[in-house]
Every structure is written in structure tokens, then in C-alpha cells.
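The values are calculated or read from the model by the stated rules, or taken from the named source; none is laboratory data. Values in this document were obtained by computation on a predicted structure and should not be read as measured data. Cβ coordinates were reconstructed from backbone atoms using ideal geometry, including for glycine residues, and neighbour counts include every protein chain displayed. Side chains are part of the model used for accessible areas, which takes the heavy atoms of the whole protein and leaves out ligands, DNA and RNA. Shrake-Rupley method; radii C 1.70, N 1.55, O 1.52, S 1.80 Å.
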Amino acid sequence: MSTKCLLLFGIATILTARDVVIREAGRVSLDFVNMESGYRNTVFLGRATYPGGKEVILGSSGCRTERPGKGLGLPLVTDKLAAFGCRVTFDSDPSTPNQIDGFPAGTSFELGLCVDKLGRGECDDFWSSNKDKNADGADHLLEREIHPGKYQGTLLYLGWEDTRNNGDQDFNDTVLYLRVERDTDGDGLWDDWETFGVDTNGDGEIDLDLPALGANPLRKDVFLEIDYMGKAGDGHSHKPPAEALQIVIDAFARAPVQNPDGSTGIDLHIDLSNEILHQDVLLFGPAFARIKADPANFGERNPRRFAFRYAIFGHQYEADNPSSGISETPGDDLMVTLPNTDAGAIAGTLMHELGHSLGLRHGGRDDVNNKPNYRSVMNYRHQFRGVPFQLQRFTGSADASALRAEPEQLLYRYDFSRLELPTLDESALNEAAPFYPAASLPARVRVALPNRTIEERTELPALAYNCRSAVVVESITDGFGLDWNCDGNRGDRFVTADLNGGEGTVLRGHDDWANLVYSFQNNALRFGAVYREPDLVEQSPRQAAEEAARIIYRPAASVQSIPGPVLLREMELDGSLSTVPGGGQIVSYQWRVAGLPAALNHADRPKVTVQFGGGPGEYRFDLTVTAQNGLSHTTRTTVVYAGR
């Protein structure tokens, strides 16, 4: 085997007459970095051979290719068709579905370069990584290690010379990086990128300094550049407010995602960049790509293509379509086409479209919308307002034996789904079955307030579901099912109800944060194809407003707690803090004895006087409150009577 050393960018580089060999085991990927060729070159993977000589069947995914010639191997990437930064992942066992398998240390890869000089889709020359197979007997592939002190034999620069007898010997006609994958935090950004930065053209210089932008190889990062349309003739602009962007950044920071450094959350880096010319319609596809390709905006050779998603805040992506946005799913391009209304709606829509680019659909894993068991901004019911919670507060003095319940409030938070709730079969619902995992219900949090007072608070998750002609928002208090058929009783079995407006009889939950697709570099949607969800376009602000007008809130019956045993035979129970979270009114109160005998005075009022009819023991009372929308709720309180 003959070898020859060159000095390239101050690093010892070797031309070899052998195939490319990896020194460590793992998954293997190839990044398309640069081309300086006048031809259209296609890189092939001829074969992979395990130590000992066994050849393996290969599969791959990623960059756009042509398929010139037959029997040359597996085409990986074609210059002038694939985008810079596209990624191919080798698969040692393509027969395994939904899984990419790695290679053992010592595996060798035979690569080839098809040189199409005339653009006919034919190989005018074909050069192998094995010199002995080349007609001119020359080494056409230059290989050098990148950061050899840290990644020995696992991160390689591969530079091709496509001219016979090696022409100008610059070995930059087609440039690739081959690596044994090292992505410790799993965010789609290689460890070496997040440690040293990215050399995006193969010249040995860092072009994209990700560490300076805040990247950390031990904590997940997502990078997004936003360009926006400037003022239109009527003066409106599509520049998103800083408040909206911060809402989304904060949502990612709160994500229940574990990182190798022991932290939780995702660092979302947003660069609000360029103002572009206003257009009433910017088609998502070639027209969008032209805006992105303009060097004044993003550019085809922009180093950010390796790591950044790209968004345009614009007017419309389709004529006469008031939809709020569109995105590749998954991918790296998205649009938000929402008038600058309130910051929350803009934040929810950006997070929704960004969620699509991270692999999420309107039902999480599917396109079934409006599911009550899918608490995510990807769900149309939560895109503009956020996911609902019911805030419960209890206050009192630091030395008090009991705290007073405060009126409950309904809160909304922009979030992806945090857990996969049980599947709901609309033809066989069971209101008595456990529904929300009790361990996932939030505990009370106690905080100290001024003047020796304390507050305990908890945020109970709330679900939105169809109730006759309206949409009910109801909080989960004990982990069991809700009143799916809206009859005021939560104990029914064998219930049939349309919970989401008729889109599906089996509604599946989804854990969004645990299933994000961070990597976009090896997704073919980057290269011209646009994902369009079947028979769906994003909702418009008008549609969201109409949906919001249908929402009604189930009242929350609340009885003030009784501190300790009661000695007097007569006492008062107070249910006046019962509320309707959405701000409606309670129109009736009804108290009932549910245990040992007792007499009730004014049982149809917020406060009732009770007289214990027997001896010491636990006395139970139910309070049912009904709101003006006709919905009711019942709660039970227990009083320990210790008198005679």
C-alpha cells in the first residue's frame, strides 16, 4: 500500500490506497460540506466490510441524489442537488424497521465518486477510495482526522479530486465529513460542533461558532433564525414582539427533558434577524426558498444551514387562506402568518409551527385534532390560549391549624404535552376509571408571605372536551375520569360521547417533549418537498375565536375546611367560595347529608347551618353547585363531631 503525506491547513493529511476505516463502534454519518467542482458529482457507498471480512447490506437516509450508473453502490449525495449541511446516516441492517443500526470498530467503507461532466446523469469517470481500482492509478480521496486529540479515528475529513490524474490536487471538488456519531445530549448537533464550532466549508477554519452562541454538548439546544415582513401599505408589520419570543423560550426552558449535565429543559436560541419586503402572499415552497436563499437574508452557503431552523413571519402563504402558519414536519423551514394581535397568540402559533418542525402533529403522533387527552399547543384548542390549569390557593397565618381556600382561577400556559394520557375510546368511555396518573398530579407548594402569613398553591391540569353544542373545560382533582357525557355525574360506565368534534372514535394521548425530532439535517423534506397535512390547514384567528366562544366552564364546588374536631352540636358550613373558573355565575347551591343523620337549615344557600343528630363520629355533607351554563359540580366535606 502506497501512501503520500500532504500538509493541509497545518494538519498532516494522508492520501491512501485503502478504504475508510472507523476505529470505534457506533452509528456512522456523513455530512455534505462543500463543493468546488464544475461537474455534478455523486458519492456512492460501495460496500461496508466488518473486521474479519464479512460484508453487510447497507441502507441510508438523507441527502438528495441522482442515481447515475448501475451496480456502483448506494448513492449518498449529489453535488448541486443536495443542500450544504445535509446528512446521510448509514444503516448496517435496513431490515430493522424504525431503527438505524451501527457498525463495529474496524469496519471499512469503500466509497466512490461518479463524475458527470455533461449533466447527462452518466458517469464519465468513476473514482474509488481504493486506488487500485482507479483507471489512472491515482488516489482521488484525501482523508484527514479532525480534532485528532479528542476524536481519534472517529471524525474524518474526506476531500475528493474529480479530475483524472488528480488535476490541481486541491481535493475540494467534493468535501464530506464522516464520523462515528457523538451527540451526547441528543439534540442533533454533534459534540464537536458544540465544543469547537463548525467548519462548514472544509478549509480548517470555524465558520459557525456555536459555543459562542450558547451551545453546550451536555444540554439540548435548538437554534432558530426569524426574518419578518416589514410594514405593509396600511402600516401593519409582522415583526413578532419580544414578549412573544420570550414566552416560547421560557416554555422550552421549563421542558421536562433531562440533560447529561443533570439539568432539565432545552435552550431555545432565537435570532430575530432581518426585515424583508412585505408580500400579501408568499407561497411556502419555491418562493419561500428564494427568500431564504438570498444572501441578504439567510443564503444558500450560510453556515447556519448546518444548525439553524429558519422562519418567516409573513402575511399569507396561500391566497385567500387566513391560516396562521405552515411548517415542514419534521424539517427546518416554517412560516407564521398571523396578524400581530396579542403576544400570547403569536407565541402559541410560533411554538405550534416550531413543534411541527420538531416532528409533532396536531394529535402528537397523528392528525386527530381537539383531543381532550392531548394537552399541547399542537392541539388547536390550545394553540392560541395555551394549556389550561386551575389554580387552587390556600392562605392563613403561619401558626394556624388550617388554611382558608381562596377563589379558584383558571390559568393558561404555552406548553407541549408532558405525558401520554390514556387512550379514550369514544364508544366505550368509563368515567369511574383512573385517567390522570395520580403521581403526576402536582403537590401543594408552600411559600411564606409578609406578616407571618403563608400560602399553599397547586395547579391542577384541566381538560377541554365537547359537551353537547359547547366545549367544557374541567379540572382534574383526583385522577379519575371526567363527566364525559355531561350529565352532572362522574361515575357513569359504558358511556358513548363525541369528545373532540367527530374526528376519531379512538383518541390517543402523546408525550411531546419525550418524542421531539431534533435533527433536521438528514430529513429529505429540507430539499424542496413541503409537508402538507392530509385535508388540514392551520386554523385562522377567526376560527380560534369561534372555538373560544363555545367554551363553557364547569363550576368548582368548594367548602371551607374545618380545623380539628367540633365540640358544639351546631355549626356552619361555608361554600361561598365555590366558583366558575371562566368567570360565570353560580345560580344554585344544594347541600345534602351523606352520612350520619343531621339537620340542615337553608340547604339551598351558600352557607348552611347543620345540627348533628347523633353522637360523636364523622359526618359527611355534599355540596352541589350549578352554573348559569347548566353545568354542575359536587364536592364532599367531612366534619368530625366530638361532642355529646
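Listing for the model above:
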item	result
Number of positions in the stretch 341-363 that are in a loop (DSSP other than H, G, I, E, B) and over 13 Å from the mean Cα position of the chain (by Cα)	2
Candidates 103, 84, filtered to the one that is at pLDDT 90 or above and hydrophobic (A, V, I, L, M, F, W, C)	103
Positions within the stretch 591-625 being under 23 Å from residue 482 (Cβ atoms), surrounded by 19 or more Cβ atoms within 10 Å (Cβ to Cβ) and among the β-branched types (Val, Ile, Thr), in sequence order	625
Hits in the stretch 137-156 - residues which are surrounded by fewer than 23 Cβ atoms within 10 Å (Cβ to Cβ) and not in a loop (DSSP other than H, G, I, E, B)	143, 144, 145, 155, 156
Of all residues in the stretch 368-408 being β-branched (Val, Ile, Thr) and at pLDDT 90 or above, the one that is farthest from the chain's Cα centre (by Cα)	368
Counted residues, the stretch 127-137 - those being closer than 15 Å to residue 163 by Cα and touching a Lys or Arg at 6+ places or on another chain (Cβ under 7 Å)	2
Qualifying residue in the stretch 550-565 (condition: among the aromatic types (Phe, Trp, Tyr) and modelled with pLDDT of 80 or more)	no
Count of residues meeting criterion [open to solvent by less than 80 Å² (accessible area, probe 1.4 Å) and either basic (Lys, Arg) or farther than 19 Å from residue 317 by Cβ (or both)] in the stretch 229-241	2
Residue list for the stretch 472-495, restricted to those being in a loop (DSSP other than H, G, I, E, B) and either open to solvent by less than 60 Å² (accessible area, probe 1.4 Å) or at pLDDT 90 or above (or both)	476, 479, 481, 482, 483, 484, 485, 486, 488, 491, 492
Members of the stretch 620-642 that are within 27 Å of residue 551 (Cα to Cα), modelled with pLDDT of 85 or more and β-branched (Val, Ile, Thr)	624, 625, 626
Single residue of 73, 46, 52 found to be touching a Gly at 6+ places or on another chain (Cβ under 7 Å), under 25 Å from residue 18 (Cβ atoms) and without any contact (Cβ under 8 Å) to a residue 40 or more places away in the chain	73
Extreme residue, nearest to residue 56 (Cα to Cα), among residues of the stretch 88-102 that are open to solvent by less than 10 Å² (accessible area, probe 1.4 Å) and part of a strand (DSSP E or B)	89
Residues of the stretch 561-590 satisfying the condition of being open to solvent by 40 Å² or more (accessible area, probe 1.4 Å) and part of a loop (DSSP other than H, G, I, E, B)	561, 562, 563, 564, 565, 567, 568, 569, 576, 582, 583, 585
Qualifying residue in the stretch 276-298 (condition: open to solvent by 10 Å² or more (accessible area, probe 1.4 Å) and modelled with pLDDT of 95 or more)	no
Number of the condition not met by residue 70 [criteria: (1) closer than 16 Å to residue 128 by Cα; (2) in a loop (DSSP other than H, G, I, E, B); (3) modelled with pLDDT of 85 or more]	(3)
Criterion: more than 26 Å from residue 264 (Cβ to Cβ), polar (S, T, N, Q) and part of a loop (DSSP other than H, G, I, E, B) - qualifying residue of 373, 369	369
Search result, residues across the stretch 406-418 that are surrounded by 16 or more Cβ atoms within 10 Å (Cβ to Cβ) and either of a type in the set (S, T, N, Q) or free of Cβ contacts under 8 Å to residues at least 12 places away in the same chain (or both)	417
Test: residue 517 is at pLDDT 80 or above, in a loop (DSSP other than H, G, I, E, B), closer than 23 Å to residue 310 by Cβ and open to solvent by 40 Å² or more (accessible area, probe 1.4 Å)	yes
Among residues of the stretch 49-61, those that are modelled with pLDDT under 90 and outside any loop (DSSP other than H, G, I, E, B), counted	3
Per-region count, the stretch 429-446, residues out of contact with any Gly (no Cβ under 7 Å at 6 or more places or on another chain) and open to solvent by 60 Å² or more (accessible area, probe 1.4 Å)	5
Matching option when the condition is open to solvent by less than 10 Å² (accessible area, probe 1.4 Å) and touching a Gly at 6+ places or on another chain (Cβ under 8 Å), among 421, 354, 403	421
Candidates 200, 184, filtered to the one that is in a loop (DSSP other than H, G, I, E, B), crowded, with 23+ Cβ neighbours inside 10 Å and touching a Pro at 6+ places or on another chain (Cβ under 6 Å)	200
The stretch 250-280, residues that are out of contact with any Ser or Thr (no Cβ under 8 Å at 6 or more places or on another chain) and in a strand (DSSP E or B)	264, 267, 268, 269, 270, 271, 272, 273, 274, 275, 276
